[in-house]
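Read the structure below first, then the notes.
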Amino acid sequence: MENADGTVRAPYRDYKAWLDKQDPALMRRKGVEAENLFRRTGITFNVYGEDDAEERLIPFDMVPRIISGNEWRRLSRGIEQRVRALNAFMHDLYHRQEIIRSGRLPERLFRNNDAWLPQMVGFTPPGAVYTHIVGIDLVRTGPDEFMVLEDNARTPSGVSYMLENRETMMAMFPELFAQVKVQPVSNYPRKLAASLAACAPDSAGPKPTIAVLTPGIYNSAYYEHAFLADQMGAELVEGSDLRVVDAKVQMRTTDGFRPIDVLYRRVDDDFLDPLTFNPNSVLGIPGIMDVYRAGNITIANAPGTGVADDKAIYSFMPEIVEFYTGEKPLLPNVDTWRCADPDSLKYVLDNLDELVVKEVHGSGGYGMLIGPTASKKKIRDFRKKLEAKPENYIAQPTLALSTCPILTRRGLAPRHVDLRPFVLCSPDGVDITPGGLTRVALKKGSLVVNSSQGGGTKDSWVLDD
Amino acid sequence: MTDLDIPFAIEKPMLGRTAGRIFWMYRYLERAENTARLLAAGHRMALTRGAEEASVEWRSVLTTLGLLSMYEDHYDDFLSAHVCDFVLRSKSNPESVLSMFERARTNARACRSSITLEVWEAVNEGWMSLRDLLARPVRDSNLNSVLAAIRRESTLARGATHGTMLRNEVYSFSRAGTFLERADNTARILDVKYYLLLPSLAHVGTALDTGQWDNVLRSLSAELAYRWLNAGRMDARSIADFLILDVRFPRSLAFCFSAMRDNLAALARLHGKEGVAHEAMRAADMRLTGKTVEDIFDQGLHEFLLEFIAANASIASAISEEYRFVA
């Protein structure tokens, strides 16, 4: 919120002027009010392995994170460039593999990757779209610099919190939105539905049937699945509702089976089709991959896009962007050491206490080492794992991550944040909702923002200036 | 035109699984409410009679709820506090009011995109508030307000349904579930007390245990309506007539069947066809239509009620089959 010299940064000026006039006790009461609102509407998050807290709230902080319109325009260009490159990369990887022939990307990277699906080779999804919905995790590292921390091309979650956080802020501080002009996010569900419909297969009629596939009410993101289906006016289905009938994926309705044209699936590839992938999956639909390959259904995101989530692939993103767009990347990567490379491994082992080390296929903040805050023992243990399988890890510097203030009992206090904008791709183009989900580490000094590990969220504003 | 005469053919039939969830969500809400009513009446009876009679009363409440043998596994007395705790919140009772509400809420959550925000909030908030109220054993002095809260939470959910839901399939399944459950509950309450009516029928002029019958009426929220219609008269014939055949009373068997018939007819119109559910409904209807209370007593009240409960259950399974609740 502030510059190094203590002055308020430009985008925050109007907000700060408003905040200074608010009674701190009232603000705290509003915090309780917001929490009750979340509980009542059931905006909850299931945490694996906690019995008594089956449904938890993601803590919501009421101080918005604010980005100027100018800065956002710059960011959007970088995000769009990156997402277009990702989509082209997926197509190439499953067709001619020019990027490997050209020597820019080592073949072992995806050959060893479980997310790479041989079933997708030579097949082009409807509209040639692989990454229908992408979440790009960004961190601010300087006054004018954002870097990409991660690309989420599999099934990025959190968009419902982006929408609900805004609704909550507008419900609690309507007068604030009259004073500060913020670009709206509320049309995301409508745009998502339109974007998915635009990716429907040729076999679909003028009004394609869209369904959201959820693993069920015990999944950690169930609330979001139900919310998106509701907001889009789409069906919310589980694997047991679906069956392949007459070469189409159909849902069991009260009036018999009805075909689905676009399936926005929130289950992993592995669980999609027990005939093709994990034979023990009860979440999936036997035979859906055959229907898919026959061009009779759109699966979003396309199976096999998880390759792009891989952190070893991530380290090649600058090359990937340049290869497919012919332009220099507008958004830089965070420096990354690939531990598969012996020189890098040596450096990482020598500097474990200063680095963040992540599993290549990991997600959700699990299985990582944060050197500066880890105990000696933890570093020792991690060293063994790293030495045993170096190709499983990458390392990054602990960044001078930017902070945003949160409201604590003792007033405002800085905490580390990241930002996940949500991007939609269809043959009609790329659309980025202004803002996204700001995740915030609630513990002082902590760098882990994942909600599965006690992180919170904020409303994210892009100013209409 | 009533609520259900909708001129639209079905455009987007709902998922069979969701229909099942809706059906059961409303059954559990209805059952929770009726259980609270039954407890309130039982409690009143226990307060106004001696210990012996109070035990008998609690026993019959547990029988009505189908919980007697499970209860006897845990207690060897029929103290009010024990019975109420068992029925309302005991972890050893999977059919407790708290777990019924929890199941209603789980069902609501599983078909969240088929109900309105108002209905979801009513069920979710109802569950949250009952979870708090029933976190500890309920003190005697507090029992009535807790029972009132249970009725109120169910009523709110039903009201939100009535006021905000589209009159489509979802609504018809919700109503079918509500009335099917209510018919079952009314029949069970009557069946547990049917023997009280018998002596008064056999011997004309025998004094009816009016306290007992007041209590049956009370457990169906029917005492004032009955008095209003019968000007203080209390006889076996008119009580049975009222609770079984009077289509004005919304908890009578005839009223519940009429509502089920209407909602099944609405489903048939939407789907453009009838099936096993409608056949089962018609078969069950035959037991009721055109009958007088004398016919029923001639057949035997107990036999009549047992057959009614079985026929009602077969409608439930026919609905589940016809509308593909399960794969």
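FYI, it's all coordinate maths here, none of it is from the lab. All values reported here derive from a predicted model rather than from experimental measurement. Cβ: placed from backbone, ideal geometry, glycine included. Neighbour counts: every protein chain shown.
Observations
- Per residue, the convex hull volume that the Cα atoms of the range A:105-195 enclose (Å³): 175 Å³
- Interchain or long-range residues, amide H under 5 Å from A:THR253's placed H: A:ARG258, B:GLY16
- Largest GNM mean-square fluctuation among B:LEU39, B:LEU288, B:LEU29, using chain B with Cα springs under 10 Å: B:LEU288.
- Where trypsin sites (Lys or Arg not before Pro) fall in DSSP loop in the range B:251-327, at most 11 other Cβ within 10 Å: B:LYS273
- Scanning chain A for trypsin sites (Lys or Arg not before Pro) in DSSP loops with at most 11 neighbouring Cβ atoms within 10 Å leaves A:97-408 as the longest stretch between them.
- In the protein assembly as shown, the calculated helix contribution to ellipticity at 222 nm averages -15000 deg cm²/dmol per residue, counting -39,500 (n - 2.57) for every DSSP H run with n ≥ 4.
- Considering only the protein assembly as shown, percent of DSSP beta bridges that pair antiparallel, nearest 5: 75 percent
- Dipole size of the range B:70-127 about its Cα centre, with +1 on Lys/Arg Cβ and -1 on Asp/Glu Cβ: approximately 420 debye, rounded to the nearest 20.
- Cβ-placed point charges (K, R +1; D, E -1), dipole of the protein assembly as shown about Cα centre in debye, nearest 20: 1340 debye
- Between amide H atoms placed 1.01 Å from N, distances below 5 Å from A:ASP465 occur with A:GLY69, all of them 5 or more places distant or on a separate chain.
- Derived scalar couplings ³J(HN,Hα) [the range B:11-18; Karplus, 6.51 cos²θ - 1.76 cosθ + 1.60; whole Hz; x for Gly, Pro]: 9, 10, x, 7, 5, x, 4, 5
- Less than 5 angstrom separates the built amide H of A:MET62 from those of A:LEU407, all sequence-distant by 5 or more or on a different chain.
- Residues in the range B:240-284 that a label on B:LEU224 would reach, taking backbone N under 16 Å of a point 7 Å out along Cα→Cβ: B:249-251
- Cα-Cα over 26 Å, subset of A:LYS191/A:LYS358; A:LYS311/A:LYS389; A:LYS458/B:LYS12; A:LYS181/A:LYS458; A:LYS311/A:LYS346: A:LYS191/A:LYS358; A:LYS458/B:LYS12
- For the protein assembly as shown, with +1 on Lys and Arg beta carbons and -1 on Asp and Glu, the positive-most of A:ALA193, A:GLY127, A:PRO174 along the dipole: A:PRO174
- An oblate overall shape is assigned to the range A:367-465, the ratio a/c of its alpha-carbon gyration tensor axes (a ≥ b ≥ c) being 1.5 or greater and a/b not exceeding b/c.
- Sites A:GLU107 and B:ALA313 - FRET efficiency at Förster radius 41 Å, r taken between beta-carbons, to 0.05: 0.05
- Most fluctuating residue given options B:ALA316, B:ALA41, B:ALA283, as computed from a GNM of chain B linking Cα atoms under 10 Å: B:ALA283
- Excluding same-chain neighbours fewer than eight residues apart, the aspartates and glutamates reachable from A:LYS21 by a Cα-Cα span under 16 Å are A:GLU175.
- Contact order normalised by residue count of chain B, Cα under 8 Å, 6+ apart, percent: 25 percent
- For the protein assembly as shown, fraction of C-alpha pairs farther apart than 44 Å, in %: 39 percent
- If R0 is taken as 22 Å, the Cβ-Cβ distance between B:ASP140 and B:GLU53 corresponds to a FRET efficiency of 0.80.
- Its relative contact order, with pairs defined as Cα atoms under 8 Å and 6+ residues apart, puts the range A:337-397 at 48 percent.
- Partners of B:LYS291 within straight-line reach, counting lysines whose Cα lies under 29 Å from its Cα and excluding those fewer than 8 residues away in the same chain: B:LYS193, B:LYS273.
- Scaling against 2.2 N^0.38 Å puts the C-alpha radius of gyration of chain A at 0.99.
- When the alpha carbon gyration tensor of the range A:337-397 is reduced to an equivalent ellipsoid, its three semi-axes come out at 15, 13, 10 angstrom, largest first.
- Which of A:SER344, A:ALA374, A:LEU386, positive extreme of dipole for the range A:337-397 (C-beta unit charges): A:ALA374
- Positive-end residue, the range B:45-159 charge dipole about Cα centroid, Cβ charges, pick of B:VAL87, B:ALA157, B:SER99: B:ALA157
- Assigned charges on the beta-carbon of Lys, Arg, Asp, Glu; chain B dipole about Cα centre (debye): 980 debye
- Cα gyration tensor shape of the range B:22-72, rounded if a/c is under 1.5, else prolate or oblate by comparing a/b with b/c: oblate
- What the phi angles of the range B:147-164 give under the Karplus curve with 6.51, -1.76 and 1.60, with θ = phi - 60°, is a coupling list of 5, 5, 5, 4, 4, 5, 5, 5, 5, 4, 5, 5, x, 5, 4, 5, x, 10 Hz, glycine and proline written as x.
- Each residue in A:GLU71, B:GLU11, A:GLU387, B:GLU169 was given a count of other beta-carbon atoms within 10 angstrom of its own, and listing them fewest first yields B:GLU11, A:GLU387, A:GLU71, B:GLU169.
- Cα-based Rg / Dmax (Å) for chain B: 19.9, 61
- Backbone N under 13 Å from the B:ASP209 label point (7 Å along Cα→Cβ), restricted to the range B:45-89: B:45-46, B:49-61
- Averaging the sequence gap over all C-alpha pairs within less than 8 Å and six or more residues apart, then dividing by the number of residues, gives chain A a relative contact order of 23 percent.
- P(r) of the range A:9-114 over all Cα-Cα pairs, binned every 5 Å from zero, in whole percent: 2, 8, 10, 10, 9, 9, 12, 13, 10, 7, 5, 3, 1
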